[in-house]
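*Asks:* Structure below; questions to follow.
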Amino acid sequence: MLGHLIEDLRHGLRAFAAKPGFTLVAVLTLALGIGANTLVFTLIDGVYLSALPYRDADALVDVYATSARFGAGPDNVSIPDYVDLHAQVPALADSALYTDASFNLVDAGAPERLPGLRATPSLFSTLGVGAARGRVFEADDAVPGRDHVVVLSDALWRNRFGADPRVVGRSLRLDGMDYRVLGVMPAGFMFPRADIGAIVPFAFTPEDLVEDQRGVNFSSIVARLTPGATRAQVEAQCAAMVRRNVEHAGAASEYAQWVDTIGMRFGTRLLRDQLSGRNAGELLMLQVAVALILLIVLANVGNLMLTRLSARQGELAVRAALGARRSDIVRQLLIEAGVIAFAGGVLGIAAARLGAQLVVASGLLPAWAHFAIDGRVLGFGLALGIVATLVFGLTPAWLATGVAEQALLRESSRLAGSAPRARRVRAALVVVQIALALALLSGVALLLRSFANAATQSPGFSAAGVLTAHLTLPAAKYPDGAAQARGVERILAAVRALPGVDVAAATTKLPFSGENSGIVFRIEGGGDTGPLPHAAWRSVDQNFFAALRIPLLRGRAFTSADWNPDARTIVVDAAFKRVYFPNSSALGQRITLGGSPGGDAWTIVGVVASVKHGDLTRAADEPTFYFDFAARAGDSVFLALRTSAAPAALVEPLRAAIRSVDAEQPLFNVATLDQRIEESLTGRRVPLQLLGLFAVCALLLAAIGIYGVLAFSVEQRTGEIGLRMAIGADASRVRRGILADGARLVGAGVGVGLLGALATGLLLKNRLFEVAPVDLPSLAGVAVVLVVTALAACWLPAQRASRLDPITALRHE
């Protein structure tokens with residue numbers, strides 16, 4: 001048996017070597033299908049299937065606050081809520097509170113911004129991970145005054161400290177203060193992002209635990225389910241906890257009003273879903289698309305194999321007449337199909353590896369995910385190869401063994417190859433290719449129009465020529481708002497002196513930076529009944545609106561007179577005015593912050609245009625107000641520089657200017673506003689680029705398929721065409737006949753494909769922006785492109801047929 005297999009393999013290799021053109025086209029076509037599918041599976045495997053670096057990761061959940069009023073999306077939680085949840089939710093075996101932190105690291109070199117995490121000691125027990133060197137921090141390390149300890153990531157330990165084991169126990173200068181290194185985490189550990197370099201204790205002060213801190217949501221919770229518990233039980237127990245807190249505080253309390261105002265509750269999701277990010281869901285759409293590509297590829301290669309089979313009918317008939325059994329012929333064809341599948345699979349997997357690196361570099365997927373051609377990916381590629389072998393190995397075998405040997409011997413190879421059954425199969429495969437290509441192209445057209453609509457939306461400000469950067473003000477040097485304001489004032493003075501800087505401004509929350517903040521408030525004279533109003537807020541200096549060219553609609557912007565801690569002036573946006581003062585002027589109105597009736601009142605002095613903060617496809621309808629920076633400063637500061645020069649040329653001078661004010665102050669997250677807006681479109685752009693590439697491939701494959709069928713038809717009908725031309729048929733009539741054959745295939749494929757296009761539009765409905773799922777212009781444009789491409793593919797065989805010499809053709813017959 002083995003000897004027969006080896007002989008069949010040798011025979012197949014010789015046959016393929018004799019037809020290098022056919023072999024190359026078949027292998028590359030199959031490599032495209034297997035490569036595209038393996039690429040997307042590699043990405044899905046890295047995000048959804050690979051093990052997370054935690055113990056029993058499937059039991060880990062993200063617990064978040066949410067509200068009916070603000071869209072029921074995941075939000076952060078407060079410290080008091082976490083304390084209650086940690087103690088009162090038995091469905092959770094353990095839980096931890098954490099929040100992003102940023103440190104200025106100064107250690108024998110230039111100052112460096114270090115992304116970090118502030119977490120309760122229970123983080124490590126919840127995740128089930130310990131230190132690789134030293135130890136993680138414990139409960140005693142999370143006491144105010146004893147919390148200047150740090151655990152380093154393996155990457156930071158290796159890259160910054162050269163994997164020196166003596167780092168454990170030494171002190172690091174973070175934010176101008178000494179932190180003792182307790183330990184180093186294992187290689188491969190990450191939480192919640194891959195760039196986190198240092199974890200410090202989340203030490204709760206007495207002020208953090210008071211009731212007034214409920215609703216001050218800036219942290220996240222990771223928790224481990226108790227064995228046998230469900231997420232539904234966690235959510236039910238959290239709801240009961242909220243009810244108990246409301247009853248304890250009293251129905252008239254600020255907390256009760258806040259819960260009632262926003263419809264506050266807790267939700268859960270798997271930790272993997274939270275870590276994956278919002279763009280990872282696009283992978284499922286891509287997997288559907290590449291599955292269509294694979295079907296087109298299989299149909300295309302199947303047609304190639306059928307064409308090759310038609311040219312070998314005589315050979316197979318002779319073998320059958322000489323005693324070869326059907327099983328022998330089927331084995332031969334399957335081995336040959338397996339050779340093509342193996343070669344295509346190897347090339348496809350290699351292409352998938354390269355493609356995965358390009359997709360990762362695009363920023364579509366989380367940086368922590370590991371994308372590798374491992375056993376699962378190889379198994380997936382092997383499965384695709386087996387499917388391909390069976391599809392275009394068994395189909396020719398079925399056709400080859402379904403005709404009597406005597407009939408095959410009586411007919412010439414080319415006439416046998418044009419048997420009705422074979423012709424119908426080839427025509428059906430072409431129709432399938434055209435239909436699938438139309439469905440895929442229509443989806444790309446819808447997404448392209450959607451992306452164009454999103455990209456042309458105005459953010460409400462002018463982003464061109466604005467360079468932005470981020471810096472943090474450590475508490476050791478800038479302990480309060482007054483010190484932060486003085487520091488920012490000195491930095492802005494140095495920056496404004498740089499050549500090419502037209503306007504320099506500062507803000508605590510920059511549009512399209514990924515950061516936002518909100519607060520409840522009371523309108524003076526508005527009464528105390530009903531839900532408390534809520535708005536987003538940020539602090540800005542007097543030049544911020546000019547730097548971004550945000551139009552002033554009413555009143556005035558901030559001036560130098562507002563730059564002091566006692567100023568109680570605010571500027572609101574058009575959405576704030578429309579929501580809270582729809583029938584009166586907002587100028588002169590006064591508000592107090594928080595839910596308490598008392599407190600300082602802030603006077604509205606101006607109204608500016610509303611801007612979009614993070615998503616071009618969302619309306620700029622979130623009420624927002626602005627503080628003067630000196631009146632409500634912060635330790636996180638964004639700079640915005642409008643420049644007449646190239647923004648990139650200002651980066652190094654900007655760093656130098658800041659170091660001239662504070663030598664230990666690093667600058668990070670440097671980008672133009674245009675780049676930030678462009679990054680916000682990554683979730684739409686990268687999938688569209690991949691789908692566009694796949695759609696072009698589908699179009700070319702469909703064209704190749706119809707060309708192959710018609711070219712083979714012309715070859716098989718050479719004698720018939722020669723006879724027709726000999727008795728008077730002119731070249732144009734022959735050409736029209738071949739084109740008519742192609743047009744029938746194209747028409748059938750487009751007809752079936754229109755149904756697929758309608759289904760594709762409905763599947764993409766939730767991903768479209770200002771485009772209907774059934775968009776006639778897009779559908780018509782795609783159909784025209786496909787028909788023109790297909791008819792162009794038909795033209796070449798038709799032209800070839802029209803140029804046949806009748807005498808030569810009849811002699812060929």
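Coordinate-derived values only; no laboratory data. Fair warning: this is a prediction, and the values are worked out from it, not measured in the lab. Cβ coordinates were reconstructed from backbone atoms using ideal geometry, including for glycine residues, and neighbour counts include every protein chain displayed.
*Asks:* Points 7 angstrom from Cα along the Cβ direction at I519 and E211: gap in nanometres?
*Replies:* With each label point 7 Å from Cα toward Cβ, the separation is 2.1 nm.
*Asks:* Mind ordering 367-378, 534-545, 345-356 by average Cβ neighbours within 10 Å, highest first?
*Replies:* Details: 367-378: 15.9, 534-545: 21.7, 345-356: 19.6.
Ranking, from highest mean packing down: 534-545, 345-356, 367-378.
*Asks:* Sticking with this structure for a sec: Once the principal axes of the Cα atoms of region 745-795 are found, what is the range along each, listed largest first in whole angstroms?
*Replies:* Sorted from largest, the Cα extents of region 745-795 read 40, 17, 13 Å.
*Asks:* Residue by residue through region 56-62, what is 3J(HN,Hα) from phi via Karplus (6.51 cos²θ - 1.76 cosθ + 1.60, θ = phi - 60°)? Round to whole Hz and write x for glycine and proline.
*Replies:* Going residue by residue, I get 6, 4, 5, 8, 8, 10, 9 Hz, with x marking Gly and Pro.
*Asks:* Starting from the Kirkwood Rh over alpha-carbon pairs, what translational D in µm² s⁻¹ does region 147-302 have by Stokes-Einstein at 20 °C and 1.002 mPa s? If you can, show how the numbers build up before the last one.
*Replies:* Numbers: Rh = 20.8 Å.
After rounding, the answer is 103 µm²/s.
*Asks:* To the nearest 0.05, how large is the calculated FRET efficiency for D58 and T592 if R₀ is 51 Å and r is the Cβ-Cβ distance?
*Replies:* Details: r = 47 Å, r/R0 = 0.92.
My answer for the efficiency is 0.60.
*Asks:* If we sort 607-619, 162-174, 449-461, 690-702 on the protection proxy, mean other Cβ atoms within 10 Å, highest first, what's the order? Let's see the in-between values first.
*Replies:* On the way: 607-619: 18.5, 162-174: 14.5, 449-461: 16.8, 690-702: 21.9.
Put in order of decreasing packing, that is 690-702, 607-619, 449-461, 162-174.
*Asks:* Work out the FRET efficiency for S50 and N669 from their Cβ-Cβ distance, taking R0 = 51 Å, and round it to the nearest 0.05.
*Replies:* Values: r = 29 Å, r/R0 = 0.56.
For R0 = 51 Å, the calculated efficiency reads 0.95.
*Asks:* Given a Förster distance of 60 angstrom, what is the FRET efficiency for R556 paired with R733, based on the Cβ-Cβ distance and rounded to 0.05?
*Replies:* Working: r = 82 Å, r/R0 = 1.36.
That gives a FRET efficiency of 0.15.
*Asks:* Contour minus end-to-end for A743 and L378, with contour as 0.36 nm per residue of separation and end-to-end as the Cα-Cα distance?
*Replies:* Details: separation 365, 0.36 × 365 = 131.40 nm, distance 4.08 nm.
My answer for the length gained is 127.3 nm.
*Asks:* What are the ³J(HN,Hα) couplings of region 689-696, residue after residue, when phi is run through the Karplus curve with 6.51, -1.76, 1.60 and θ = phi - 60°? Round to Hz, x for glycine and proline.
*Replies:* Result, ordered by residue: 4, 5, 5, x, 4, 5, 5, 4 Hz.
*Asks:* Next question. Starting from the 7 Å offset along Cα-to-Cβ, what nm value, one decimal, do you get for the label separation of L284 and A648?
*Replies:* Output for this residue pair reads 4.0 nm.
*Asks:* Under a point spin-label approximation (7 Å from Cα along Cα-to-Cβ), what is the L693-R424 distance to one decimal in nm?
*Replies:* The answer from the label model is 4.0 nm.
*Asks:* Using amide H atoms built 1.01 Å from N in the peptide plane, name the residues 5+ places from D94, or on other chains, whose amide H lies under 5 Å from its own.
*Replies:* R224
*Asks:* Write down the Å³ per residue value for the convex hull defined by the alpha carbon atoms of region 188-243. All intermediate terms of the calculation are to be shown ahead of the outcome.
*Replies:* On the way: hull volume 8.4 nm³, N = 56.
Measuring per residue, one finds 150 Å³ for the Cα hull of region 188-243.
*Asks:* If you bin every alpha carbon distance in region 103-194 into 10 Å steps from zero, what whole percent lands in each bin?
*Replies:* Bin by bin from 0 Å, the calculated values are 16, 53, 30, 2.
*Asks:* Let me ask something else about it. If you plug each phi of region 771-780 into the Karplus form 6.51 cos²θ - 1.76 cosθ + 1.60 with θ = phi - 60°, what whole-Hz ³J(HN,Hα) values come out, in order, with x for Gly and Pro?
*Replies:* 9, 6, x, 10, 10, 4, x, 5, 5, 5
*Asks:* Show the residues, 5+ positions off or on another chain, whose built amide H is closer than 5 Å to the amide H of V136.
*Replies:* For V136, the qualifying residues are A131.
*Asks:* Something else: Could the peptides 124-130, 731-737 be put in order, highest first, of the mean number of other beta-carbon atoms found within 10 Å of their residues?
*Replies:* Details: 124-130: 19.9, 731-737: 15.1.
The peptides rank, most packed first, as 124-130, 731-737.
*Asks:* Report the extension gain between A483 and L498 in nm, rounded to one decimal, defined as 0.36 nm multiplied by the number of residues separating them, less their alpha carbon distance.
*Replies:* Working: separation 15, 0.36 × 15 = 5.40 nm, distance 2.36 nm.
Extra length from A483 to L498 when fully extended: 3.0 nm.
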